[in-house]
Each structure stands twice: as structure tokens, then as C-alpha cells.
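Peer 1: Submitted below is the structure of interest, expressed as C-alpha cells.
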Ligand code: HEM
């Protein structure tokens with residue numbers, strides 16, 4: 001019973017986090033580049049992150065708590081350790097984005113310093129791209145891993 005709740009919460013929050021990054025990187029980013037001038041585009045990203053990042057914090061907490069709890073219920077297979085390792089790397093990358101370039105982006109937009117804002121957004125784009133790839137890889141390991149034991 002508790003296991004099914006934990007697994008459902010774990011997977012739902014993974015879907016929100018990784019799906020949100022995929023959408024931002026693959027759909028919203030190219031659409032914003034082709035339709036908006038830098039001042040509006042950078043404002044759009046601050047407004048978008050302001051709404052998405054609180055959800056990511058929630059996802060980080062839920063993924064970690066449910067994942068660690070499930071680990072106490074399972075024989076700890078290698079694919080589960082790989083998932084945990086990659087998951088923790090994803091969490092550190094997100095926290096870096098949140099406290100470093102996102103902070104710079106907010107300050108630059110408030111000061112209407114568009115070149116600085118563009119630099120910060122470029123860093124966020126690269127790190128979110130990396131996290132999306134790690135996230136998809138982690139999902140493959142988490143789901144297919146049990147068939148390779
Ligand atoms: C950070 C620490 C994490 C821990 C300790 C952890 C641990 C676990 C455990 C113990 C299970 C149940 C194993 C099973 O059903 O065979 C599980 C399932 C799963 N995890 Fe994680 N996980 C973590 C992060 C992540 C991340 C970051 C992702 C994806 C980006 C992820 C994706 C999944 C998926 C898709 C399942 C369902 C697998 C299935 O039932 O087929 N996990 N996780």
C-alpha cells in the first residue's frame with residue numbers, strides 16, 4: 001500500500017520535472033527566440049521560471065524522500081544506485097541553476113541589462129539541456145534496469 005503511493009508520487013514528480021524541462025528546452029525556447037526581442041524574451045523567462053521552479057523544488061523533495069524510502073523496502077540493485085546517483089547530480093545542477101544564473105538573470109532583467117541577462121539565460125539553457133538528457137537517461141535506467149539483472 002505505502003509502496004504504491006510512494007512509487008506513484010515518485011513517478012508523477014519525475015514526469016513533471018523532466019517533462020517541464022523538455023518542454024522549456026525543446027518548445028518554448030526556440031519559439032521565444034523566433035518571436036520575441038531580447039527584452040521581452042528575457043522577461044518571459046523570468047516569469048516562466050518564477051512559476052516553474054517552485055514546482056521543481058517540490059519535485060526534488062518528493063523524488064528524494066520517496067526514492068530513499070523505497071530504497072529501504074527493496075534489495076538495492078545496481079540500477080537503483082545508478083538512479084540515485086544520477087538523481088542527486090540532477091538535484092545539484094538544479095540548485096546551481098537556481099542560486100547562480102537564475103539569480104543573475106533576475107538581477108539583470110530588473111536592471112534592464114540585456115547582455116548580462118542573455119549570458120545568464122545561456123547558462124541556464126545549457127544546464128537545463130544537460131539535466132534533460134540526464135533525466136531521460138535516468139528514466140531509461142529506472143524502468144529498463146530491472147530487465148538487465
Ligand atoms: C534521487 C534519488 C532517487 C532514489 C533514491 C530513487 C529510488 C527509487 C526506487 C527505490 C524505486 C523503486 C524501484 C523499482 O520500482 O524497481 C524507484 C523507481 C523509479 N524511479 Fe527513482 N530514485 C531516485 C531518483 C529518480 C530520478 C531522478 C528519476 C528520473 C529522472 C527516477 C525515476 C524513477 C522511475 C521512472 C521509477 C519507476 C520504475 C518502475 O517502476 O519501473 N528516480 N526509484
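The values are calculated or read from the model by the stated rules, or taken from the named source; none is laboratory data. Predicted model, so just to flag it, every value in this text is computed and none were measured. Neighbour counts are summed over all protein chains in view; Cβ atoms, including those assigned to glycine, are modelled from backbone coordinates with ideal geometry.
Peer 1: From 117, 87, grab the single residue that is crowded, with 17+ Cβ neighbours inside 10 Å, within 15 Å of the ligand (Cβ to nearest atom) and in a helix (DSSP H, G or I).
Peer 2: The match here is 87.
Peer 1: Taking only pairs six or more apart or across chains, which ones have beta-carbon atoms under 6 Å, a first residue in the range 136-148 that is modelled with pLDDT of 95 or more, and a second residue that is in a helix (DSSP H, G or I) and near the ligand (Cβ under 6 Å from one of its atoms)?
Peer 2: These pairs meet every condition: 138/83; 141/83; 142/83.
Here is a yes/no grid of residues against (1) within 12 Å of the ligand (Cβ to nearest atom); (2) at pLDDT below 95; (3) under 14 Å from the mean Cα position of the chain (by Cα):
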{"residue": "31", "(1), (2), (3)": "no, no, no"}
{"residue": "66", "(1), (2), (3)": "yes, no, no"}
{"residue": "82", "(1), (2), (3)": "yes, no, no"}
{"residue": "92", "(1), (2), (3)": "yes, no, yes"}
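Peer 1: Of the conditions (1) under 16 Å from residue 120 (Cβ atoms); (2) exposed (fewer than 12 other Cβ atoms within 10 Å of the Cβ), residue 24 clears all except one; give me its number.
Peer 2: All conditions pass for residue 24, except number (2).
Peer 1: Could you please find all residues in the range 43-56 being surrounded by 13 or more Cβ atoms within 10 Å (Cβ to Cβ) and either within 9 Å of the ligand (Cβ to nearest atom) or under 17 Å from the mean Cα position of the chain (by Cα) (or both)?
Peer 2: 45, 46, 48, 49, 52, 53, 55, 56
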